[in-house]
Structures are given as structure tokens and as C-alpha cells.
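Worksheet: one structure, shown below.
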Amino acid sequence: MTRPLSAGQLADRFDSVFGAAPDGVWQAPGRVNLIGEHTDYNEGFVLPFAIDKAARVAVRLRPDSRVRLLSTFGNQGLTTADAGSLNRGTARGWTKYPLGVLWALQQRGLPVRGLDLLLDSDVPRGAGLSSSHAIECAVISALNELAAAGLDARDMVLATQRAENDFVGAPTGIMDQSASLRAAAGHALFLDCRDQSIRLVPFDAESAGLVMLVIDTKVSHSHAGGGYASRRASCELGAEVLGVKALRDVGIGELDEACGLLDQETFRRVRHVVTENDRVLQTVGLLDGAGPAAIGPLLDASHASMRDDFEISCPELDLAVEAARAAGAIGARMTGGGFGGSAIALTPASEEQQVRAAVEHAFAGAGYPAPDIFSVRPSAGAMRLA
Ligand code: GLA
């Protein structure tokens with residue numbers, strides 16, 4: 001796995017590429033969603049946390065409208081653009097994220113000049129850990145400060161969502177950028193996606209003798225593709241037929257009635273969202289009370305709901321979850337948008353090696369490429385480093 005550059009190393013590298021020191025260095029983390037999947041665009045509840053892997057950007061504003069972008073990874077080389085004529089659909093690779101943020105700020109009427117930017121990131125790409133939002137959140141944190149735009153965290157969340165939805169072309173919600181911008185170390189972020197209100201809920205797995213393992217299945221996914229959008233469309237159809245503003249407004253007690261009103265598939269999509277919202281609330285209650293060791297069954301139930309009702313899992317994710325659980329994890333589920341990416345397994349520290357070995361063994365036995373398995377801890381949200 002890539003080793004991140006320190007802020008000083010990134011600034012030095014910037015200087016040697018662009019011929020001047022950056023105005024500053026910012027970082028924004030990736031995220032793991034503890035629970036609450038596909039509930040955000042239904043105006044429901046989510047409970048993600050920021051991970052100890054982040055995107056870092058060294059940025060320098062330019063007096064003209066030229067944009068020059070370079071990353072420490074990949075082989076894309078230097079990308080240039082003109083801040084005055086950003087076109088949706090033309091940006092390639094990771095550059096669509098900073099360019100999307102620039103574009104979204106322009107749509108808000110903020111004057112955006114040119115800039116030089118060097119990106120480094122140790123958030124695994126395509127692993128469902130929001131590497132793209134980490135880039136967007138680092139960039140918007142930098143520009144908000146450098147251009148004195150005066151956006152608060154909620155504005156920045158909406159601007160990055162606009163970048164994703166309308167520039168990148170992925171119809172995603174607000175969970176990932178909220179986690180990256182608003183999370184705190186040692187906590188999960190309980191977010192009400194209807195009004196963006198938050199509460200930081202203590203989530204200290206380590207003190208409870210647990211580790212949170214991430215199992216990156218290496219099955220790549222893209223939310224600009226059809227699966228995510230079609231789930232979202234089903235949810236919107238369900239809300240319309242049930243006569244509510246969003247599925248957030250449907251309670252568990254109303255599911256029986258909903259079953260008679262919806263076609264089978266739409267009903268299963270709706271049931272996932274309604275029960276998942278309830279699981280988020282239950283998880284928050286348990287973290288406030290009994291602590292992390294009590295939430296395993298809710299993680300398991302969430303996975304079953306995504307596999308059977310929302311149908312966004314895949315054989316590799318199911319295998320990761322089953323193997324981890326059989327080897328001693330107290331709860332496991334896929335995390336993020338689905339169709340690939342990562343699973344999480346909350347595991348007693350004493351069983352960590354056993355769980356890792358069991359998952360690797362299961363993947364080898366099934367003929368799947370070896371997964372990447374690593375532990376994460378709840379970390380701070382976006383910040384300026386230098
Ligand atoms: C992706 C999206 C989020 C959210 C999750 C599913 O990560 O970016 O907005 O919808 O999928 O919970």
C-alpha cells in the first residue's frame with residue numbers, strides 16, 4: 001500500500017514541479033460507513049467515520065486562469081485546463097474531482113482563478129472508501145480558505161455533491177463528503193441527511209478490545225454506472241407511490257401496507273431503506289450505551305438486507321463477510337455504495353490474525369484475486385497541515 005508523503009515532502013515536491021512554494025497543504029480523509037447504506041439520498045440517517053487514510057493537496061493560486069494539476073501516483077502526467085472554460089464530461093481520471101470542485105464553486109457564483117495543485121493520497125482507489133470525495137474535500141478546504149469564500153461545512157458538502165452529481169456524473173448523496181469534512185477522531189458521525197444536523201458518537205473500538213478490519217475485495221465499481229442510479233430511481237418511485245417526500249418518512253410499522261402498494265422489487269428496495277434507517281438509530285443507541293461490542297448483529301443484518309433486498313452485494317463481498325464472521329468477527333458487512341469495493345469486519349483484537357488468514361484462504365479457494373486487508377481507526381476530518 002502507498003505510503004503518504006508528509007506535508008513538508010509534498011510542499012518540496014510542489015516547489016520542484018511548479019517552481020514556487022505552495023500557499024498551503026490540506027488533507028481530507030476517506031471514510032468507512034459503519035452503518036446506514038443508501039439512506040442518505042432518501043433523507044435518512046447514516047453513521048460513517050473518517051479513516052486514517054487521506055488525500056493531501058499542495059495548492060497555489062495563480063494570477064491568471066490557468067489550472068495545472070499533477071498527482072504523485074498513476075501515469076497521467078501534468079493536466080492543464082482553463083478555469084474560465086471547464087466542461088463537464090471532458091476531464092479524465094482523478095482530475096475530474098478538483099476540476100468538478102472548481103466548476104461547482106463557479107456555479108455558486110464564486111470567482112475562481114487558476115491554480116497549481118499537487119495531489120498525494122493513500123486512500124485506496126476504487127475500494128469503496130471514498131477516495132474521490134477525499135480529493136474533492138481536500139481541494140474545497142484549500143480553495144475555501146485561499147479564496148476566502150466563507151463556506152461553512154454544510155455549504156462545502158453541497159458544493160462537492162454538486163461536483164459529483166453534475167460534473168463527474170455520479171448521482172450520489174451527501175454521506176461521504178460529510179464524513180470527510182465533519183468527522184472527528186474516536187467518533188462516528190451520526191448525520192441526519194434531511195437537515196445535515198450531526199452528532200459525534202464515541203466509537204472507540206480499540207478500548208473495547210476490537211479492531212475494525214477493512215477487506216478490499218479488489219472488485220472495482222463506479223457509481224457513475226447503472227446500478228447505483230437504478231437503486232436511487234427505485235427509491236424515488238417507492239416514495240412517490242407511497243405519497244411521501246422521501247423514504248425517510250416511512251416507518252417500519254408501515255411496511256405491511258407498503259407491500260400491498262408496491263411491486264415486489266420496489267418493495268424490497270424500500271424495505272432495505274426503512275429497516276436500515278432503523279438499524280442506524282439502534283446502532284447509535286448501542287454505542288451510547290453498551291459500546292461497540294454490542295453492534296455486531298446490526299452489522300450482520302445490514303449486510304443481509306443489502307444482499308437480499310437492495311441487491312448491491314457481490315459474491316466476493318458475501319464471501320469476505322461470511323469468512324470473517326466464521327473466523328471470529330463479531331459483525332461484518334459490505335460498506336459504501338456496493339457492486340464491489342470493501343467489506344468491514346469488527347473483530348476482537350485476539351482474533352485478528354485468524355480472521356485475516358481465513359478471508360485470504362477463502363478467496364484463494366474461490367479463485368478470487370487476493371484481497372487487501374487492513375485495519376482502520378476513526379480519525380479527524382479535513383484540516384490544513386501547513
Ligand atoms: C456512495 C455514495 C454515498 C452513499 C453510499 C451508499 O458512497 O457516494 O452518497 O449513497 O454510496 O450508502
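The values are calculated or read from the model by the stated rules, or taken from the named source; none is laboratory data. None of the values given here were measured: they were computed from a predicted structure. For neighbour counting, all protein chains shown are included, and Cβ atoms are generated from backbone atoms with ideal geometry for every residue, glycine included. Protein only, heavy atoms only, side chains kept; ligands, DNA and RNA dropped before computing areas. Shrake-Rupley method; radii C 1.70, N 1.55, O 1.52, S 1.80 Å.
Among the residues in segment 173-188, are any in contact with a helix residue (DSSP H, G or I) (Cβ under 6 Å, 6 or more places away or on another chain), touching a residue at least 24 places away in the same chain (Cβ under 8 Å) and assigned to a loop (DSSP other than H, G, I, E, B)?
yes
Does at least one position in segment 249-266 carry a residue that is in contact (Cβ under 8 Å) with a residue 60 or more places away in the chain and open to solvent by less than 30 Å² (accessible area, probe 1.4 Å)?
no
In segment 190-202, what count of residues is obtained for those that are more than 13 Å from the ligand (Cβ to nearest atom) and either outside the structural domain of L143 (by TED's automatic domain parsing) or not in a loop (DSSP other than H, G, I, E, B) (or both)?
So the count comes out to 8.
For segment 19-78, please list each of the strands (runs of 3 or more DSSP E) lying entirely inside it that holds at least 1 residues being touching an Asp or Glu at 6+ places or on another chain (Cβ under 6 Å) and more than 11 Å from the ligand (Cβ to nearest atom).
45-61, 66-71
Taking segment 260-274, which residues are within 15 Å of F310 (Cα to Cα) and outside any loop (DSSP other than H, G, I, E, B)?
Q264, E265, T266, F267, R268, R269, V270, R271, H272, V273, V274
Evaluate the following for P98: is it within 16 Å of the ligand (Cβ to nearest atom) and of a type outside the set (G, A, S)?
no
Test S342 against the criterion of being of a type in the set (S, T, N, Q), open to solvent by less than 10 Å² (accessible area, probe 1.4 Å) and closer than 25 Å to S222 by Cα, and give yes or no.
So S342 passes the test.
Looking only at segment 2-21, count every residue that is under 29 Å from the mean Cα position of the chain (by Cα) and either modelled with pLDDT of 95 or more or open to solvent by less than 70 Å² (accessible area, probe 1.4 Å) (or both) and tell me the total.
Number of matching residues: 10.
Name the pairs whose Cβ atoms lie under 6 Å apart, with the first residue in segment 337-356 and assigned by TED's automatic domain parsing to the domain that holds R232 and over 10 Å from L213 (Cβ atoms), the second assigned to a helix (DSSP H, G or I) and open to solvent by 10 Å² or more (accessible area, probe 1.4 Å), and 6 or more positions between them or separate chains?
These pairs meet every condition: G337/Y228; F339/G227.
Look through segment 207-246, keep the residues that are assigned to a loop (DSSP other than H, G, I, E, B) and within 30 Å of G186 (Cβ to Cβ), and return whichever of them is most open to solvent (accessible area, probe 1.4 Å).
Only one residue tops the list, namely K218.
Name the single residue, out of those in segment 137-175 being within 14 Å of the ligand (Cβ to nearest atom) and of a type in the set (A, V, I, L, M), that is most open to solvent (accessible area, probe 1.4 Å).
Within segment 137-175, the match that is most open to solvent (accessible area, probe 1.4 Å) is L158.
Note down all Cβ pairs under 6 Å where the first residue falls in segment 116-133 and is under 16 Å from S342 (Cβ atoms), the second is of a type in the set (D, E, K, R) and more than 13 Å from the ligand (Cβ to nearest atom), and they're at least six residues apart or on different chains.
D122/K53; V123/K53; P124/D216; A127/D216; S131/R125
Looking at segment 226-247, I want the residues that are within 14 Å of D309 (Cβ to Cβ) and have a partner that is open to solvent by 50 Å² or more (accessible area, probe 1.4 Å) with Cβ atoms under 8 Å, at least 6 apart or on another chain. Which pairs are those?
S234/E265
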